[in-house]
Amino acid sequence: MSVGPVEYIAIAFPGNKFSGEIIPAIKKLQDSGTIRVLDLVLITKDADGNAAAIELAEASPETQATFAALGVQTKNLLGEEDFEEIGAALDPNSTAALMI
């Protein structure tokens, strides 16, 4: 199966506690064939402005369980440049799901 062209999207959330409320909407888009999530990384920015990227494999068990419904198998398609770009754009004390 070929892949491409692909787009990426960052969905930002206030606060650094990702609740997972958006997962059913993303799953619905996947189920309808509108999108396919190939890779997903969480980007967080603390109150001091320090950004960090968290791969799903490195996330807490709770976060991994939240995203399990999407069936994302990390393909390492996102890189450090992507993380830095989204991290710089985030407001302090916020989180973004970066998906390709």
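The values are calculated or read from the model by the stated rules, or taken from the named source; none is laboratory data. Note that the coordinates shown come from a computational prediction; the quantities given were computed from them, not determined experimentally. Here Cβ is always computed from backbone atoms with ideal geometry, including for glycine, and neighbour counts include all displayed protein chains. For the accessible areas, the whole protein counts, side chains as well, though only heavy atoms, and no ligand, DNA or RNA atoms are used. Shrake-Rupley method; radii C 1.70, N 1.55, O 1.52, S 1.80 Å.
Determine, yes or no, whether G79 is closer than 13 Å to L98 by Cα and surrounded by fewer than 14 Cβ atoms within 10 Å (Cβ to Cβ).
Numbers: closer than 13 Å to L98 by Cα: yes; surrounded by fewer than 14 Cβ atoms within 10 Å (Cβ to Cβ): yes.
When the stated conditions are applied, G79 passes them.
Could you say which residue among G33, G4 is modelled with pLDDT of 85 or more and part of a loop (DSSP other than H, G, I, E, B)? Break it down stepwise before answering.
Working: G4 fails: modelled with pLDDT of 85 or more.
Answer to the selection: G33.
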Quick check on segment 46-70: of everything there that is touching a residue at least 12 places away in the same chain (Cβ under 8 Å) and not hydrophobic (A, V, I, L, M, F, W, C), which residue is nearest to A25 (Cα to Cα)? T66
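Tell me, yes or no, whether segment 62-73 has at least one residue that is at pLDDT 90 or above and not acidic (D, E). Explain how you work it out, then say what you get.
First, the residues of segment 62-73 that are at pLDDT 90 or above: none.
No, the conditions are met nowhere in segment 62-73.
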Can you tell me which of E84, E55 is farther than 20 Å from P5 by Cβ, at pLDDT below 90 and open to solvent by 70 Å² or more (accessible area, probe 1.4 Å)? E84
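Looking only at segment 58-76, which residues are open to solvent by less than 90 Å² (accessible area, probe 1.4 Å) and over 12 Å from the mean Cα position of the chain (by Cα)? Walk me through how you get there before you give the answer.
Restricting attention to segment 58-76, the residues satisfying the condition of being open to solvent by less than 90 Å² (accessible area, probe 1.4 Å) are 59-60, 63-72, 74.
Correct list: S60, A65, A68, A69, G71.
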For segment 87-96, name all the residues that are in a helix (DSSP H, G or I) and surrounded by 13 or more Cβ atoms within 10 Å (Cβ to Cβ). G87, A89
Would you be able to say whether some residue in segment 45-52 is modelled with pLDDT under 90, surrounded by 10 or more Cβ atoms within 10 Å (Cβ to Cβ), at negative phi and not hydrophobic (A, V, I, L, M, F, W, C)? no
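When the residues of segment 1-42 are narrowed to those that are acidic (D, E) and open to solvent by 80 Å² or more (accessible area, probe 1.4 Å), which ends up nearest to E62 (Cα to Cα)?
Within segment 1-42, the subset acidic (D, E) is 7, 21, 31, 39.
So of that shortlist, the ones also open to solvent by 80 Å² or more (accessible area, probe 1.4 Å) come out as 7, 21, 31.
Numbers: E7: 27, E21: 13, D31: 23 Å.
By that ranking, first place goes to E21.
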